[in-house]
């Protein structure tokens, strides 16, 4: 009896030792992995903080370029220095690059309504012409006007108010006020990402009353100002070639293309300068990429200030 009992004890001890080694190995791996995650998390957070500060510096650089441009030029067009993208520049542990876009040259979605919240029918027609030129259904113009206007009465015949959106899953309501982002278009029932990607380069969301800069507006937006005009949208290459050194078309040239009567209707809504710009800054530090989007407002006195910021990482 003694022999087998000792053998059994040795077997139990061996199994116990193996289990202890296995548990110790599991604990060691878990502690090591947790430590690695903590280290990686800390490094990422540090890189994000550093990227944000670098991006703010690039934003200030862009604001300074816009301020200097106002002192040196009476117009804003794509050939100016501020419109030249910043190439990748080395920084500690990575690089930074950026670009400035003139948002005043796009169709302002908020112009679909007046300051009192009522629908501006003329602006709706201009938006319809933009949609038609892009091959999209013109009904979206009235639908989005209903998204913005102050009342709850659907426009005829293509409007849409809360009754449409409350039936969706999940249900939601129209804002019935001006918006701050063009992505609000995605809130329209059945509008979809594909339509948004086609339309996005031509629209913006700025305060009501912001003037359109004809020097930087795409041809489709210029042609949509009045019925029947197809002078600029059909030949984007000509439009680009004429903007390599100066403003084109100037207000005087646009007057000639539109006709005196039509131009006078829109004269107070047009300009050769811009108030709103969007800066996009990409900061790469190690394997972390930080992106800052800033909406900059430049006043007539030269003050440039950020109105809206958003950011993302990858």
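The values are calculated or read from the model by the stated rules, or taken from the named source; none is laboratory data. Keep in mind the model is a prediction, meaning the values are calculated, not measured. So basically every Cβ, Gly included, is an ideal-geometry build from the backbone, and we count neighbours across all protein chains shown.
What to note about this one:
- Looking across the stretch 142-157, the residues that are farther than 17 Å from residue 206 by Cα and either in contact with a strand residue (DSSP E or B) (Cβ under 8 Å, 6 or more places away or on another chain) or surrounded by 15 or more Cβ atoms within 10 Å (Cβ to Cβ) (or both) come down to 142, 143, 146, 150, 154, 155.
Let's see how each residue does on (1) free of Cβ contacts under 8 Å to residues at least 24 places away in the same chain; (2) in a helix (DSSP H, G or I); (3) in contact with a helix residue (DSSP H, G or I) (Cβ under 6 Å, 6 or more places away or on another chain):
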{"site": "87", "(1), (2), (3)": "yes, no, no"}
{"site": "90", "(1), (2), (3)": "yes, no, no"}
{"site": "97", "(1), (2), (3)": "no, no, no"}
{"site": "101", "(1), (2), (3)": "no, no, no"}
{"site": "110", "(1), (2), (3)": "no, yes, no"}
{"site": "115", "(1), (2), (3)": "no, no, no"}
{"site": "124", "(1), (2), (3)": "yes, yes, yes"}
{"site": "132", "(1), (2), (3)": "yes, yes, no"}
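- Selection count, the stretch 50-85, where residues are more than 23 Å from residue 251 (Cα to Cα) and not in a helix (DSSP H, G or I): 2
- Of all the criteria given as (1) closer than 25 Å to residue 128 by Cβ; (2) at pLDDT 90 or above, the one not satisfied by residue 239 is (2).
- Residue in the stretch 303-314 that is modelled with pLDDT of 95 or more, crowded, with 17+ Cβ neighbours inside 10 Å and either outside any strand (DSSP E or B) or touching a helix residue (DSSP H, G or I) at 6+ places or on another chain (Cβ under 6 Å) (or both) present: yes
- Inclusion of residue 107 among residues that are at pLDDT 95 or above, over 30 Å from residue 63 (Cα atoms) and within 24 Å of the chain's Cα centre (by Cα) is not warranted.
- Note on the stretch 179-199: residues that are in a loop (DSSP other than H, G, I, E, B) and more than 21 Å from residue 113 (Cβ to Cβ) amount to 1.
- Residue check for residue 170: out of contact with any helix residue (DSSP H, G or I) (no Cβ under 7 Å at 6 or more places or on another chain), closer than 30 Å to residue 287 by Cα and surrounded by fewer than 21 Cβ atoms within 10 Å (Cβ to Cβ): no
- Selection status of residue 155, over 30 Å from residue 274 (Cα atoms), in a helix (DSSP H, G or I) and more than 21 Å from the chain's Cα centre (by Cα): no
- Here residue 137 clears all of (1) more than 19 Å from the chain's Cα centre (by Cα); (2) closer than 21 Å to residue 217 by Cβ; (3) surrounded by 12 or more Cβ atoms within 10 Å (Cβ to Cβ); (4) at pLDDT 95 or above except the condition numbered (2).
- Exactly one residue among 160, 189 is surrounded by fewer than 13 Cβ atoms within 10 Å (Cβ to Cβ), touching a residue at least 12 places away in the same chain (Cβ under 8 Å) and farther than 25 Å from residue 63 by Cβ, and that residue is 189.
- Those helices (runs of 4 or more DSSP H) lying entirely in the stretch 200-296 with at least 2 residues free of Cβ contacts under 8 Å to residues at least 24 places away in the same chain and surrounded by fewer than 19 Cβ atoms within 10 Å (Cβ to Cβ): 236-241, 251-258, 260-266
- Some residue of the stretch 180-198 being within 20 Å of residue 260 (Cα to Cα) and touching a strand residue (DSSP E or B) at 6+ places or on another chain (Cβ under 7 Å): no
- When 28, 17, 47 are checked against the criterion of being closer than 30 Å to residue 279 by Cβ, in a helix (DSSP H, G or I) and either under 37 Å from the mean Cα position of the chain (by Cα) or free of Cβ contacts under 8 Å to residues at least 12 places away in the same chain (or both), a single residue qualifies: 47.
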